[in-house]
1. If you look at just the Cα atoms of the range 286-406, how large are its Rg and its Dmax in Å?
2. What is the sum of charges around E141, taking Lys and Arg as +1, Asp and Glu as -1, for the other residues whose C-beta is under 11 Å from the C-beta of E141?
3. Counting other Cβ atoms within 10 Å, which trypsin sites (Lys or Arg not before Pro) in the range 228-320 have at most 15 and lie in a DSSP loop?
4. In Å, what is the Rg of the alpha-carbon atoms in the chain, and how long is Dmax?
5. I need the shape label for the range 71-221. Rule: rounded when a/c is under 1.5, else prolate if a/b > b/c, else oblate, with a, b, c from the alpha carbon gyration tensor.
6. Please list, or write none, the lysines whose alpha carbon is within less than 18 Å of the alpha carbon of K454, excluding same-chain residues fewer than 8 places away.
7. Find the relative contact order for the chain and round it to a whole percent, using C-alpha pairs within less than 8 Å whose residues are 6+ positions apart.
8. Take the alpha carbon atoms of the range 11-48, find their center, do the same for the range 386-404, and report the distance between the two centers in whole angstrom.
Amino acid sequence: MRMVFPKNFLWGGAIAANQAEGAYSEDGRGLVQTDVTTGGLVDSPRYTTYIDQDGKPGKVGGLGHHAKIPKGAKFAVLDTEYYPNHVAVDFYHRYKEDIKLFAEMGYSIFRLSISWARIFPNGDDEKPNQAGLDFYRSVFEECRKYNIEPLVSIWHFDTPLALEENYGGWTNRQLIDFYVNYCEVIFKEYKDLVKYWLTFNEINNTTMFLDMFGQKASDQDYQESYQILHHQFVASAKAVQLGHQINPDFMIGNMICGISFYPATPDPKDILANQHKWESGNYYCGDVQAKGKYGTYAKRLWQEHNVQLEVTDEDLEDLQKGRVDMYTFSYYMSNNVTTHTGGEQVAGNFSSGVKNPYLTYSDWGWAQDPDGLQYYLEKIYDRYELPLMVVENGLGAFDTVEEDGSIHDDYRIDYHREHIKAMRRAIANGVDLIAYTTWGCIDIVSAGTGEMRKRYGFIYVDMDDAGEGTLDRTPKDSFYWYQKVIASNGEELD
């Protein structure tokens, strides 16, 4: 019997506001941390820039709340640095052109994020920024014109910078109320235009990054990170409850950075270490948002780093009432887990551990493992029994523009073909998978390295790592291949 995708399966692609929109200071938008984050390379970090209390400029490595600027310093845009997210690929001004191209591919769903700082420039403003509300309304209406469902990430690594500076970011419980207020505004504003919502993008990165690169994070780092997560869990749960009140038809999901972990050897210690990695890496956040409670292993994770979590009875009640309607995740790679030393190490962007000899690796050190996607889908669906969406999956690669302007990206086609086959097998095995949005449907700024040459899209954007280019859009070979895939509902993969 031929394995087929469900008739109403949603096909599309995904971007994030801070990596695509540009227009970082236009129409009343406030700053976010990517606005003060420089470009980098696969082997050199991005930096967060600041001015210290003596007025001297400086920069520190690290992304998100892991970028620790000196006490008394202020985040700042420096004239001496290049910030790729300031212009990105100018989706802000070219969204109609881009959405038309997505429609030509046959999209039935388009994942994007709202920039919180476009709606509330400082995060704690009394009234929302009307220009920001109008912009996203226009984007969603453009999607609807082509019968494309918007899938909207409410927070995609872009807390308004003023909340970071004035309140300490998500370490402060007050951010729960600011976030819920933001959610109320956009839920009401777009209740008839958006059905699918995601509360926090790759929420598990907050703790996963702590031990991903062997940086020996302190107990205080873990205390802060687990408390940040708890505040975001409560905010997410409150948003789910609020969203269902505003429109009972809303489908609201979580979003996990999904990585399949394997024991590197049959040593029982590796087997146990691998189980613990699934718990800390994937289940910790998934359980709270999908089951409405912390897993039994959570106490062990806290005790390992002397974490004393501040939790109220009301928090626990909210977590239970605010369970998500669907589980969504990104999937790019798998990682090996071992208690042994030695072996060839992975060295790349957001990847670590011992190399898997059965897999090939991308130019950025990511294991290409479609079987790992099937494994993740089946394992996660068995655990939660919720509808699943793969909302990020793609290959970052170097693309070459030929003399005639064409881009032959067979490597990208091969990557997606095998991952679609893996999804098809998982569906045949009983998994309720309802959507697939590739990352990114159009070339955008890399979150990890800030590069443009690390390209994911089916549409080429003429922009380089130094900010030079016309921003013109050109369909790649993969554009026409994905067009056939969608038209055949996943049957035509050649």
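Rule-based calculations on the coordinates, nothing more; no lab input. Treat the numbers as computed from the prediction; the structure is a model and nothing was measured. Cβ sites come from the backbone with ideal geometry, for glycine too, and all protein chains shown count toward neighbours.
1. 19.4, 65
2. Surrounding charge for E141 is +1.
3. Within the range 228-320, the qualifying trypsin sites (Lys or Arg not before Pro) (loop, at most 15 other Cβ atoms within 10 Å) are K293.
4. 21.4, 71
5. The shape class here is prolate.
6. Excluding near neighbours in sequence, the set is K476.
7. Averaging sequence separation for qualifying contacts and normalising by length gives 18 percent for the chain.
8. Using only Cα atoms, the two centres lie 18 Å from each other.
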